[in-house]
Amino acid sequence: MDPLELVLRWAHILPAATLSGGLIYQWIQVTSWDDDEERQESSRKRWSKIVMICALLLLVSGLANTARISIGFVLPMYYHILLLVKILLAFGVFYLSSLLAGRSETAKKFQADRGKWLKVTALMVIAIVLLGSVMKVSVRQPKSENDEATSQADDATSSQTMIGRNG
Ligand code: HEM
C-alpha cells in the first residue's frame, strides 16, 4: 500500500463527501429554510468556512493526484477529457458554493434565488463525483511496465535485425 496515495485519497474523498453532502442537504431543506435571521447568519458563517476548507483540500489533493497519476501511468485519452470536464465543473461548484455562503451584494442576489442555485450546484457536484469514480476505475498502465515492455520489444527487434544481417 502506498501511504501517499492513501493520504491523498482521504484528503480528496472527505471534502468531496462534506461539500456534496452539505449542498444536497441544503437543496432538500430549501423549502423549510430557517426564517430566523440570526440563526441563518450563524449557520451561513459556519458553512462558508467549511466550503473554503473543502475547496482548498480538493484543489491541493486534486492537483497532487493529477500530477502523481499523469507521471506514473499511461492513461486512456478519455481520462484526460473527464479530468478537464471535472476540473471545470469543480471551479463552477467552488464559485457557486462561495456565493451561496457569501455576504457580498452579488451573493445576496444569488441567495434571493437560493432554491434554483442550490439545485444547479448540487447536480454539478453529483456529476463530479460520478466522473471522479469513472476516472478511479479507468484502466491504467504503470509507465515503468510500459517502458519495460517497450525496451523488451526494442531488444527483440534489434536481435532480429542482427540475426537477419548475420544471416
Ligand atoms: C467539487 C470538487 C470535487 C469533487 C466533489 C471531487 C470528487 C472526486 C471523487 C469522488 C473522486 C473519486 C475518488 C476515489 O474513488 O478515490 C475524484 C477523483 C479524482 N479527482 Fe476530484 N473532486 C473535485 C475536484 C477536483 C479537482 C479540482 C481536481 C484537480 C485539480 C480533481 C482531481 C481528481 C483526480 C485526478 C481524481 C482521480 C484519481 C484517480 O484516478 O485515482 N478533483 N474526485
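The values are calculated or read from the model by the stated rules, or taken from the named source; none is laboratory data. Just so it is clear, the model here is predicted, and its values are computed rather than measured. Heads up, the Cβs are rebuilt from the backbone with ideal geometry, glycines too, and the neighbour counts pull from every protein chain shown. What goes into the accessible areas is simple: the full protein's heavy atoms, side chains included, and nothing from ligands, DNA or RNA. Shrake-Rupley method; radii C 1.70, N 1.55, O 1.52, S 1.80 Å.
Projecting each Cα onto the charge dipole of the chain (Lys/Arg +1, Asp/Glu -1 at the beta carbon, about the Cα centre), which of A149, Y78, L99 comes out farthest on the positive side?
It is L99.
Taking the Cα centre of the chain as origin and charging only Cβ (+1 Lys, Arg; -1 Asp, Glu), how large is the dipole, in debye to the nearest 20?
Computed charge dipole of the chain: roughly 420 debye.
Give me the 1.4 Å probe accessible area per residue for the chain, excluding ligands and nucleic acids, in Å².
Here the per-residue accessible area is 65 Å².
Compute the acute angle (0 to 90°) between the alpha-carbon long axis of helix 3-29 and the principal axis of greatest extent of the alpha-carbon atoms of the chain; round to the nearest 10°.
Between the helix axis and the principal axis of the chain, the angle is about 30 degrees.
Report, to one decimal in Å, the Kirkwood hydrodynamic radius for the range 3-166 based on all distinct Cα pairs.
Taking the inverse mean of 1/r over all distinct Cα pairs, the range 3-166 comes out at 18.6 Å.
Give the carbon-plus-sulfur fraction of the accessible surface of the chain in %, rounded to a whole number; probe 1.4 Å, heavy atoms of protein chains only.
68 percent
Check the straight Cα-Cα distances from K116 and name the lysines below 25 Å, setting aside those fewer than 8 residues away within the same chain.
K45, K49, K86, K108
Using mean Cβ contacts within 10 Å as the protection proxy, how do 118-129, 39-50, 149-160 order, highest first?
In descending order of packing, they fall as 118-129, 39-50, 149-160.
Which residues' amide hydrogens lie under 5 Å from the amide hydrogen of F73, considering only partners 5 or more residues apart or on another chain, with H built in the peptide plane?
For F73, the qualifying residues are K143.
Got the relative contact order for the chain handy, in percent, Cα pairs under 8 Å and 6 or more residues apart?
Normalised by residue count, the contact order of the chain is 31 percent.
By how many degrees, 0 to 90 and rounded to 10, does the Cα axis of helix 37-72 deviate from the longest principal axis of the chain?
Its long axis makes an angle of about 10 degrees.
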